[in-house]
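Take a look at the structure set out below.
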C-alpha cells in the first residue's frame, strides 16, 4: 500500500473521530439544557404550589375569623349611634335589644322618684321583657352596649344576659353616659355571669374617631 493511500485513510479516521466527538458533545449540551429547563419548570411549579398553599391558608384563616355582633339597648338613640360606629369598625352584625314596653320620656325622668326607670333600677330583681328574639349562637365576640341609668346598666341588659347562652364567648361592654362610668355594671356582670369572658369595656362618647380608635386597640 503506497503512502498516499495510507495518508488518506488516516485523514478519514481523524475526521470520523472528530465528528463523533462533536456529536457526543452536542448531545451532552442538549441533555444539559433539557435538564436545566426541567429543573426551572420544577422550580416554577414548586413556587406556584407554595403560593397557592399560602393563598389557601389565608382563605382558611379568613374563614376562621371570629364572628362579631354588636348587641345594644338604646332608649334615646345615643347608644345606638355608638353601636353603629362599632359596626362600621368591625363589620359585625348590629342587633338591637327592643323592649316589649318602650320607654317614654316620662319613664326616663331622673328627677321623678316614681318614674319607671327609677323603680326598675332600685329593684335588682326586675327583668323587663324583650320583644325580639336574639340568637347569639353563631357569634364569638359580642360588643354589648347600653346607657348608664342611675350609675348602672338598665335591667333589660340583665334580661338579655339571663336569656342568652354566652358561655365561653368574649363579651365587650360599652356604655354611654353623661357622667357615670362603666365599672359598676362590668363588676356586676363579672360577679354574676362568670361563664362569660368579660373584657373591662369602655364608656364612649359619640365621636366616631374615639369609638374607632378604641375598637382598633382591642384587636378583635
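Each value in this text was obtained by applying a stated rule to the coordinates, not by laboratory testing. Because the structure is a prediction, the values reported are computed rather than measured. Reconstructed Cβ throughout: ideal geometry from the backbone, glycine too, with neighbour counts over all protein chains shown.
A few comments on the model shown:
- Residue tally, condition in a loop (DSSP other than H, G, I, E, B) and surrounded by fewer than 16 Cβ atoms within 10 Å (Cβ to Cβ), over region 201-219: 4
- Filtered by the rule that a residue be in contact with a helix residue (DSSP H, G or I) (Cβ under 9 Å, 6 or more places away or on another chain) and surrounded by fewer than 17 Cβ atoms within 10 Å (Cβ to Cβ), region 137-154 gives 150, 151.
- Under the condition of being in contact (Cβ under 8 Å) with a residue 60 or more places away in the chain and within 16 Å of the chain's Cα centre (by Cα), the residues counted in region 189-220 number 4.
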